[in-house]
2 protein chains.
Amino acid sequence: MISFSILIFLFSLIVSNDGNPLSRSYIHNRMKIIEEENKMAFGSSIGLSPAEELANQCLMKAKFDEVDHGYLHPTEFLPAQNYLEVSKKIKNSVVYQMIRKMPKGGLFHAHISSMLPPEELMKFTYEPNLYICKTKNLVYKFVFSKNPPGKKCDWKLLSAMRKRDPKIDAKIKKSLVLQRSKFEDLNVVWNDFEEIFDTVRGIITYRPVFEKYLRGVLEEVYKDNIMFVEIRSGASQLYELDGRYLDTVKSVEVAFKIVKKFTNEHPDFLGMKMIYSPHRNPSPERLKEIVQTYMQLKAAFSDKIIGFDFVGQEDKLPSLYSVAHVLETFPADTQFFFHAGETNWYGHPSDLNLVDAVLFNTKRIGHGFALPKHPKVMEIVKNKGIAIEINPISNQVLKLVDDLRNHPASEFFANNLPVVVSSDDPSYWDAKSLSSDFYETFVGIMSRSADLRSLKQLALNSITYSGLDDQEKHAAKKIFKTKWKEYMDKLTQSKYCTEINETS
Amino acid sequence: MISFSILIFLFSLIVSNDGNPLSRSYIHNRMKIIEEENKMAFGSSIGLSPAEELANQCLMKAKFDEVDHGYLHPTEFLPAQNYLEVSKKIKNSVVYQMIRKMPKGGLFHAHISSMLPPEELMKFTYEPNLYICKTKNLVYKFVFSKNPPGKKCDWKLLSAMRKRDPKIDAKIKKSLVLQRSKFEDLNVVWNDFEEIFDTVRGIITYRPVFEKYLRGVLEEVYKDNIMFVEIRSGASQLYELDGRYLDTVKSVEVAFKIVKKFTNEHPDFLGMKMIYSPHRNPSPERLKEIVQTYMQLKAAFSDKIIGFDFVGQEDKLPSLYSVAHVLETFPADTQFFFHAGETNWYGHPSDLNLVDAVLFNTKRIGHGFALPKHPKVMEIVKNKGIAIEINPISNQVLKLVDDLRNHPASEFFANNLPVVVSSDDPSYWDAKSLSSDFYETFVGIMSRSADLRSLKQLALNSITYSGLDDQEKHAAKKIFKTKWKEYMDKLTQSKYCTEINETS
């Protein structure tokens, strides 16, 4: 079935020569190449029902308006600009608003500590017994404590400080989001980025706050029309007001209890699974501990801990190859979900991580930015159906690529690689869980002609390439089907769409 | 034959795990993927003689020093920074100095008006009878004239103005090179860029100056160890002091006379051929004229006019498809060399030019920046052996890609597409004819492990994919062989290399 937008597109191909005579063979061969590329592309195998066709017309009208305006005025094209500078404009875009309502399936590549918008996080700083200090590097640290914490840092009760410094809230809030003005290069940004983790950690690993935090994350995700989450987490130990730490298994148990409560209240939400993902900078001793912890967690929550990954800046930290001997000691059935190739280098340990990731039968690849430089790995990815979790905004704010039109995922879509869109650390750049990255992908990375079918393919891929078991996948597909139908109605009945239909 | 650098590389792969035990099958499979990718890559089919191995060791030592320093200090990595800011640093690089001496074969993608360094161009402004004016848009215009030119602009004799304004030379020189500070976006840069063309045109289309200019270009190219040039030229009509214009054929004849004199004096220089390349913004009437002019030129200089192309900013100007009916009226044996896909858009007329270029059996593609977004065209390019003329610095200064590590040619090299490196308009960013772009390619775009074989492949490709006839190709290969041997000696006997050998 040929969709409306393809028809429009083919039509434009025929008329844009202003009716000048062209040889039939030329037109035929031209159509052939373009059609073959369309058939090879992401989402092309999906057919649209009449209701979907209607919704698609409306979606594509909005997309063409935006993309074609950008073609004429490239400085105004939002995906070509840094997200930190245009996030408000994106949230006002008609296409964004349509995407916000879309049921997106699962969220795969997101880190547990960077999921709640800064204004929500700020609320927790009003909980009693919160101490604050500023380190030598001018990074805020927090800890909840019954008594004043140790003397390594100049700890003050935040509630007392608020009375003295009326600007403290603004300063704290600023420290929770990456600041564009500070960007010099990738290493500087990564440093700032990791400092935010340090700042946030003290707040959200306090057990009572963590429970509210995770509840907030689930609400946030649910509002973004996400059906389930496969979160990456280092399984940090939670602490109590008296300074005691819960052990790792108990800490994770706290998380899954919150999730269970949430899914009970929201039967159309399928829950959260966890990819145990400690930091990539391990000593030999810590590596042994990590394997042990993974096995403990897997034993305690066998169906919820779906696998293992390392996190951190690949260019600076040990390569997968350098820890391959440890990876070989994981239980044989361990499912890996490796970050790999989150780099713009070529021929260095960080892009060679792609080779090791596929050798360890990674189920998905986090980022895969360097994949086009490794055609053999690309072939394996395609043949084995290894999904690539792209994170466009993350790659942009963390300085891999300035203009998202140059993001390598354009090529993944052209070749129909199994792509899923993720958001990495959305709260650190004040983005929505998935809608912001879906927007950048749909408008900035995919072809102008990529339409509703591509969006649907993204959502379907997030079920196909998930860590859900067969029964859960079946349930997910069923819920998705209903939600998608509702979405089609929402789109076609939206003010924007009804106005188009009235004027056309 | 496995080169020294590959051995070093394979060695590092084995030892970088710090001797930890790894399963044999893992090591075997890892080697297999890496070797397969190496075998697929650009330059991999070339074997190195013992003398070449020696030179390669030295070249790769210099390359590794520079690239590995960049891996640790990314802000200092030159190809990641705008050429206009680091051109001096590049010229001081050991790798650059080695590349400068390299025999590079042919230069393919370069426009006739932007080939001579600004300081050389300045010399012509000291010729008598040169008038200058500043347009409303603050662009300098020049004309040589016996009498004061028309009153449309406030023309002054430059020699007189020099006495009044001691800073005028600095101002003129500045107007001949793109200014980094003015960069806002692609359209602004393109505007500045086209203004330089306007400024230069009045100087270099004055027949007596043109003769010196072209002589200068050939000297410049020859010093950069280029053996022949296939220049893109709009065949501007030259003018005399009394305002008379030579007709197009006569104007081109002037050029080829200069070339003939130069080749007579330099028997190891094979000359210059021309791709007739008018501007891409033609009215229907102008289009007819263009076909006529092409046929006149081809009739007058059959072996020197090798084909046809259009120039100009693809995103803004008519697509190849929109003029396809005219392209179909060219004589059947016309060889096209189309600019295509010099864009970061996807699914727009500018990237679809790639489709039309291959449909018209283009012999080479100028830029092909958008090629990864068109897998079917990429397949045709590979199967038909259509060379891609990449122009890294041009793409960077004209705002397609900021960081050359993200240039799509990395992928072309990974897949051994027939790439040639060109320089587009080197004088407008004060680059050398080819060495500067070879440097960016070798250090910033190719894999860390790409070595002398890749450089040699670039030079050999420039013979294989040239517009030379079989006899000329034979001669070119012979001369290249001698020059390459001399180059190996120069490299191994250089101070840098002898010092390495002494310390190792």
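Where does helix A:83-92 land angle-wise versus the long Cα axis of chain A, in degrees 0 to 90, nearest 10? Helix A:83-92 and the main axis of chain A meet at about 60 degrees.
Here the stretch B:112-221 is treated as a Stokes sphere of Kirkwood radius computed over C-alpha pairs; at 37 °C and 0.692 mPa s its diffusion coefficient rounds to 224 µm²/s. What you get for the stretch A:57-204, charging only the Cβ of Lys and Arg (+1) and of Asp and Glu (-1), is a dipole of about 800 debye around the Cα centre.
Percent of Cα pairs in the stretch A:240-356 per distance bin of 5 Å, from zero to the largest separation: 2, 10, 18, 18, 17, 14, 10, 7, 3, 1. Helical content alone sets the calculated 222 nm signal of the protein assembly as shown at -15500 deg cm²/dmol, taking -39,500 (n - 2.57) per DSSP H segment of four or more residues and averaging over every residue.
Start at zero, step by 5 Å, and the Cα-Cα distances of the stretch A:318-371 spread as 4, 24, 31, 24, 11, 5, 1 percent across the bins.
Sorting the segments B:370-377, A:76-83 by their mean number of nearby beta carbons within 10 angstrom, highest to lowest, gives B:370-377, A:76-83.
Under a model in which nothing but the beta-carbon of Lys, Arg (+1) and Asp, Glu (-1) is charged, chain A shows a dipole of about 1220 debye around its Cα centre.
For the chain pair B and A, buried accessible area totals roughly 6200 Å², probe 1.4 Å, rounded to the nearest 100. Between the Cα long axis of helix A:4-15 and the first principal axis of chain A there is an angle of about 50°, rounded to the nearest 10. When the P(r) of the stretch A:29-105 is calculated, the portion above 17 Å amounts to 63% of the C-alpha pairs. Taking a ≥ b ≥ c as the square roots of the eigenvalues of the Cα gyration tensor, the stretch B:87-128 is classed as oblate, since a/c reaches at least 1.5 and a/b does not exceed b/c. With the label put 7 angstrom out from Cα along the Cα-to-Cβ vector, B:Tyr245 ends up 8.2 nm from the copy partners, going from closest to farthest. Remark: the stretch B:298-306, residue by residue, has Karplus-estimated 3J(HN,Hα) of 4, 5, 6, 9, 4, 8, 9, 8, 9 Hz, where x stands for each Gly or Pro and the curve is 6.51 cos²θ - 1.76 cosθ + 1.60 at θ = phi - 60°. Taking a ≥ b ≥ c as the square roots of the eigenvalues of the alpha carbon gyration tensor, the stretch B:180-282 is oblate, as a/c is not under 1.5 and a/b does not beat b/c. Projecting the Cα atoms of A:Pro166, A:Gly150, A:Leu178 onto the charge dipole of the stretch A:131-182, computed from C-beta unit charges around the Cα centre, puts A:Leu178 farthest toward the positive end.
Note on chain A: Cα Rg divided by 2.2 N^0.38 Å, N the number of residues, gives 1.01. What residues of the stretch A:358-396 lose no less than 40 Å² of accessible area with every protein chain in place versus their chain by itself (probe 1.4 Å, heavy atoms only)? Residues losing area: A:Leu359, A:Lys373, A:Pro375, A:Lys376. Using the Cα centre of the protein assembly as shown as origin and beta-carbon charges of +1 (Lys, Arg) and -1 (Asp, Glu), tell me which of B:Pro74, B:Asn395, A:Tyr140 is placed farthest towards the positive end of the dipole. So the residue we want is A:Tyr140. Take the alpha carbon gyration tensor of the stretch A:411-484, find the square roots of its eigenvalues, order them as a ≥ b ≥ c, and report rounded if a/c is under 1.5; if not, report prolate when a/b exceeds b/c, else oblate. Cα axes put the stretch A:411-484 in the oblate bin. Scaled against the 2.2 N^0.38 Å expected of a compact globular protein of N residues, the Cα radius of gyration of the stretch B:304-447 reads 1.00.
Would you tally the net charge around A:Lys163, using a Cβ to Cβ cut-off of less than 14 Å, leaving A:Lys163 out, and scoring K and R as +1, D and E as -1? Within the 14 Å Cβ shell, the charges total +2. Using the Cβ-Cβ distance between A:Lys257 and B:His69 with R0 = 41 Å, the FRET efficiency computed as 1/(1 + (r/R0)^6) comes to roughly 0.20.
Once the C-beta distance of B:Lys89 and B:Lys136 is scaled by a Förster radius of 30 Å, the resulting FRET efficiency is 0.20 to the nearest 0.05.
Between amide H atoms placed 1.01 Å from N, distances below 5 Å from B:Leu107 occur with B:Met227, B:Phe228, B:Val229, B:Glu230, all of them 5 or more places distant or on a separate chain.
The convex hull built on the alpha-carbon positions of the stretch A:76-148 has an orientation-averaged projected area of 8.3 nm².
Taking amide hydrogens as placed 1.01 Å from N in the peptide plane, the amide H of A:Phe336 sits under 5 Å from those of A:Phe308, A:Lys363, each at least 5 positions away in sequence or on another chain. Solvent-accessible surface of chain B, averaged per residue with a 1.4 angstrom probe and all protein chains in place: 40 square angstrom. Hey, what D do you get for the protein assembly as shown in µm²/s if you plug the Kirkwood alpha-carbon radius into Stokes-Einstein at 37 °C and 0.692 mPa s? It diffuses with D of about 106 µm²/s by this estimate.
When only alpha carbons are used to place a centre, the stretch B:118-170 and the stretch B:299-324 end up 32 Å from one another.
With a Förster radius of 22 Å applied to the C-beta separation of B:Glu289 and B:Arg244, the computed FRET efficiency comes to 0.65. With all protein chains in place and a 1.4 Å probe, the accessible surface of chain B carries 53 percent carbon and sulfur. The other copies place their A:Asp185 label points at 2.9 nm from this one, listed shortest first, where each point is 7 Å from Cα along Cα→Cβ. Nearest 10 degrees is fine. How inclined is helix A:248-265 to the longest principal axis of chain A, computing both from alpha carbons? Roughly 50 degrees between the two axes.
Residues of the stretch B:428-472 whose accessible area, computed with a 1.4 Å probe over protein heavy atoms, drops by at least 40 Å² once all protein chains are present relative to their chain alone are B:Ser447, B:Arg448. Annotation: amide H of B:Phe144 within the under-5 Å range of B:Tyr131, sequence separation 5 or more or interchain, hydrogens built in the peptide plane. The charge dipole of the stretch B:455-504, taken about the Cα centre with unit charges on the Cβ atoms of Lys, Arg (+1) and Asp, Glu (-1), comes to about 80 debye, rounded to the nearest 20.
For the stretch A:343-425, a Kirkwood hydrodynamic radius built from all Cα pairs, placed in the Stokes-Einstein relation at 4 °C and 1.567 mPa s, yields a translational diffusion coefficient of 101 µm²/s.
The values are calculated or read from the model by the stated rules, or taken from the named source; none is laboratory data. Please read all numbers here as calculations on a predicted model, not as lab measurements. Cβ sites come from the backbone with ideal geometry, for glycine too, and all protein chains shown count toward neighbours. Heavy atoms of the whole protein, side chains included, go into the accessibility calculation; ligands, DNA and RNA do not. Shrake-Rupley method; radii C 1.70, N 1.55, O 1.52, S 1.80 Å.
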